[in-house]
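Data block below; observations after.
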Amino acid sequence: MAATGRLPILAAKLKIAVVIRVPISVCSQSCLPGFRKSVTEGEPVCCFQCIRCPQGEISNTTDSTDCSKCPWDQWPNARQDLCILKDTDFLSYEDVLGFSLAAIGIFLSLIPTAILGLFLYSRSTPIVKANNRSLSYLLLLSISLCFLCSFVFIGHPTSMTCLVRQASFGIIFALCVSCVLAKTVMVVIAFNATKPSSNLRRWATPKLSFAVVSICTLNQMFLCMSWLALSPPYLVYNIQIQPGLIIVECNEGATIAFWCMLGYLGLLATISFVVAFLARKLPDSFNETKFITFSMLAFLSVWISFIPAYLSTKGKYMVAMEVFAILTSSSALVSCIFFPKCYIILLRPEMNSKEHLMGRKL
């Protein structure tokens, strides 16, 4: 009887002791965010590989089967589980390069302004009167504007700055080089007009010099206005140059128009150089052509060197290269043409006389 009573208790204990074990297949660990699952061919579904998301894509869930691309203005973080805003890059004033170019531009723009003040103060002296004072004033003003136009290239590009910066550069430099060409032409005409029975005397007037400046500058203005009307430059956010970085820059629109504008400047400078070179042996009172020859040679050298450097750079360094060429070529003009005259006015006043000007070299 007692044995019979123990049987149900024993059976209950055995039932409790029985543990039903369900087999669990664990072939691969879970894939963390930033990875995606890739099933191994020929293996069970539970067997997979965790593959890092491709560049520019993220996954923000565990065991994700796909990665998603970030928006164009965002980039994955280091773990590739979150999209963050991309850094932007342009030639800014906060950048050491941009700040340095801006500071140099401000300083250099003051030099032709100071020389203009000196020439106005000494306007009655022979050395200022000898080489067309009005053209000298206009040339100094245009050189100062050349230095200042570099500021249109520095700072965050906008639709407006993209639209006007190359056109303003082209027109101001055309005015500058046109003044140099007019001064050279007037030197040649003035010398030949002194010959007996010369028909050039009626052309040796300020009207001719300003006509040369106007025609040459208007041609560049027409070219730039056509460029802006037909295929103007525009603002772009370039994400192709460097992954994870937005290059804020200006697309020049019709690239051929940019090179035509630059080529026209080269044509004016070449004509000025050739005329000045051929006239370099004129009498001493007209030897400004020697200074013009050096200035145009330096000007052409800078812009010829600029072309391969411009084509081989990208982003803000391409803009910095153009700003550097603007500052360098403008410096060549003001130093080669006006520094010798300033030297005589300030340090050698005894040479600033009509007798010395007609009889000896400057």
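Cys47's amide H: which non-local residues (gap 5+, or another chain) put their own amide H closer than 5 Å, with H modeled 1.01 Å from N in plane and none for Pro or chain starts?
none
How high is the relative contact order of region 48-88, given as a whole-number percent (alpha carbon pairs under 8 Å, six or more residues apart)?
Details: 51 pairs, mean separation 14.1, N = 41.
The value is 34 percent.
Using the Karplus equation 6.51 cos²θ - 1.76 cosθ + 1.60 (θ = phi - 60°), what ³J(HN,Hα) coupling, rounded to whole Hz, does each residue of region 245-260 give in order, writing x for Gly and Pro?
Here the 3J(HN,Hα) series is 9, 9, 8, 8, 8, 9, 7, 6, x, 7, 4, 5, 5, 4, 6, 5 Hz.
Can you pick out the pairs among Lys281/Lys354; Lys183/Lys316; Lys37/Lys314 whose Cα atoms lie more than 27 Å from each other?
Working: Lys281/Lys354 19 Å; Lys183/Lys316 37 Å; Lys37/Lys314 38 Å.
Lys183/Lys316; Lys37/Lys314, as the Cα separations exceed 27 Å there.
In region 87-246, what percent of the accessible surface is made up of carbon and sulfur (1.4 Å probe, ligands and nucleic acids excluded)? All intermediate terms of the calculation are to be shown ahead of the outcome.
Numbers: 5350 of 7750 Å².
Here it works out to 69 percent.
Kindly rank 111-118, 234-241 from highest to lowest mean number of other beta carbons found within 10 Å of each residue.
Details: 111-118: 17.2, 234-241: 13.2.
Packing order, densest peptide first, comes out as 111-118, 234-241.
Testing the spin-label approximation: label points 7 Å from Cα along Cα→Cβ at Arg52 and Phe277. State their distance in nm.
5.8 nm
Lys and Arg at +1, Asp and Glu at -1: add these up for the other residues within a Cβ distance under 14 Å of Glu249 and post the number. Before the final figure, lay out each step's value.
Details: positive: Arg165, Lys314, Lys316; negative: Asp89, Glu252, Glu322.
Its environment carries a net charge of 0.
How large is ³J(HN,Hα), in whole Hz, for each residue of region 329-339 in order, when computed from phi with the Karplus curve 6.51 cos²θ - 1.76 cosθ + 1.60 and θ = phi - 60°, using x for Gly and Pro?
Once rounded to whole Hz, the list reads 5, 5, 5, 5, 5, 5, 6, 6, 8, 10, 4.
Over the C-alpha atoms of region 44-153, what are the Rg and the largest Cα-to-Cα span, Dmax, in Å?
Looking at region 44-153, its Cα Rg and Dmax stand at 29.9, 100 Å.
Please calculate how many Å² of accessible area region 33-154 carries per residue, with a 1.4 Å probe and no DNA, RNA or ligand atoms counted.
Values: 6660 Å² over 122 residues.
Counting only protein heavy atoms, the per-residue value for region 33-154 is 55 Å².
Starting from the Cα of Ala309, step 7 Å along the direction of its Cβ; do the same at Ala229; then give the gap between the two resulting points in nm.
3.5 nm
Is there a quick way to get the dipole size of region 213-362? I mean about its Cα centre, with the Cβ of Lys and Arg at +1 and of Asp and Glu at -1; what is the value in debye to the nearest 20?
Working: 10 positive and 7 negative charges, 98 e Å.
Magnitude of the dipole: close to 460 debye.
Taking the alpha-carbon centroid of each part, what is the distance from region 57-125 to region 212-251 in angstrom?
For region 57-125 versus region 212-251, the Cα centre distance is 18 Å.
Quick one: net charge of Thr65's neighbours, Cβ under 10 Å, K/R +1, D/E -1? Walk me through the numbers on the way to the answer.
On the way: positive: Arg36, Lys37; negative: Asp63, Asp66.
Charge balance in the 10 Å sphere: 0.
List the residues, sorted by chain then number, that are 5 or more residues from Ser92 or on another chain and whose placed amide H is less than 5 Å from its amide H.
Amide H to amide H, under 5 Å and 5 or more residues apart or across chains, Ser92 pairs with Gly98, Gly155.
For the peptides 322-328, 308-314, 252-258, what is the packing order when you average, over each peptide's residues, the other Cβ atoms within 10 Å and list the highest mean first?
Values: 322-328: 20.3, 308-314: 12.4, 252-258: 16.0.
Taking the mean over residues of other Cβ atoms within 10 Å, the ranking is 322-328, 252-258, 308-314.
Would you compute the Debye intensity of region 218-308 from its alpha-carbon atoms alone, equal scatterers and no solvent, and pass along log10 I(q)/I(0) at q = 0.12, 0.17, 0.21, 0.25 Å⁻¹ to two decimals?
So the normalised log intensities work out to -0.58, -0.85, -1.01, -1.14.
The values are calculated or read from the model by the stated rules, or taken from the named source; none is laboratory data. For clarity, every value in this text was computed on a predicted model and none was experimentally measured. Glycine also receives a Cβ, built like all others from the backbone with ideal geometry; neighbour counts cover every protein chain displayed. Please note that ligands, DNA and RNA were not included when accessible areas were found on the heavy atoms of the full protein model with its side chains. Shrake-Rupley method; radii C 1.70, N 1.55, O 1.52, S 1.80 Å.
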